[in-house]
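The values are calculated or read from the model by the stated rules, or taken from the named source; none is laboratory data. Quick caveat, the model's predicted, so the values are computed rather than measured. Using ideal geometry, Cβ is built from the backbone for each residue, glycine included, and neighbour counts are taken over all protein chains shown.
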């Protein structure tokens, strides 16, 4: 049953017993090892891989419908829990990250994924990668429209080798590979400190700091949750006025949607900037992601809710004008256009909770 897998996952993600000794005990012995192909083992592999982290050096290769990117990485020579990353498209933009933070970004929201996704079939053991066979774990969820997420982990090391998202019919829409041992073209600099993890303040505080109304869908698709949110002040060319932009992200552990909010004037500026974005040389760009992508104007029968939709094959973008704010909902591969349409048609004004005033008979506590 589904509930039997949760303790294994939670224990793995909490790092219970995952020191060096525990990992050594977990690795299969050469004489009596048996493959572990059930769902509990597959979920446990996600947690162990996140604890294990990346190897000493190599490359992370990412490919989606819009581009192909490569990032070299190497461990910090002083701190084993820090990884230095050098993007190929901008070598000067090096950064350092804590192993746990980087692995959380690579593997995705595995706790959320475990709530709605199940193994399609028992795990398989397939081709050798880097001298080691790999477990192949394929996840899907009921009513997911054929969307699957596939993970690959080393059978003996437990190391994360990569993952892939596919739509119905086997069409690949996202691929990530970790190439271990690949020589890197930079020397890690211990003076570069890890990027701090910005704490996520409560949603009420976020609503109060946004200078325009915030709208959210009244209901999310099954197993989707609000994952993150922030107010950003974008800075353009010299002389351009700052552009406040609020965003909220939603996920079911694999598929993603982003909601962007700005004043109507600033949303027009943002869309103009996005349509002029040029891809980096050598990347594979979705051929229809240009400013002339066809746009549909959709009504709701009574034409009381008008929504503009652009689907360029890479993502679905729906926009709607609200009172003193413009809203854009971006659905990435795997999220259906109908799901996005239902969400943006059912926007409601999100209002920060205001604590009730004290009763006349109550007195505020005085510090001792």
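Here are the numbers for this structure:
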{"quantity": "Criterion (farther than 21 Å from residue 273 by Cβ, at pLDDT below 95, surrounded by fewer than 19 Cβ atoms within 10 Å (Cβ to Cβ) and not assigned by TED's automatic domain parsing to the domain that holds residue 164) met by exactly one of 192, 235", "calculated": "192"}
{"quantity": "Output for the range 131-141, where each listed residue is assigned to a strand (DSSP E or B) and over 20 Å from the mean Cα position of the chain (by Cα)", "calculated": "132, 133, 134, 135, 136"}
{"quantity": "Verdict on residue 226 being touching a strand residue (DSSP E or B) at 6+ places or on another chain (Cβ under 9 Å), surrounded by fewer than 19 Cβ atoms within 10 Å (Cβ to Cβ) and not in a loop (DSSP other than H, G, I, E, B)", "calculated": "yes"}
{"quantity": "Matching entry among 217, 242 (being surrounded by fewer than 12 Cβ atoms within 10 Å (Cβ to Cβ), in contact with a strand residue (DSSP E or B) (Cβ under 7 Å, 6 or more places away or on another chain) and either modelled with pLDDT of 95 or more or farther than 25 Å from residue 332 by Cα (or both))", "calculated": "242"}
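Yes/no matrix, rows are residues, columns are (1) surrounded by fewer than 16 Cβ atoms within 10 Å (Cβ to Cβ); (2) modelled with pLDDT of 95 or more; (3) closer than 22 Å to residue 336 by Cα:
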residue: 141; (1), (2), (3): no, no, yes
residue: 144; (1), (2), (3): no, no, yes
residue: 148; (1), (2), (3): no, yes, yes
residue: 162; (1), (2), (3): no, yes, no
residue: 169; (1), (2), (3): yes, no, yes
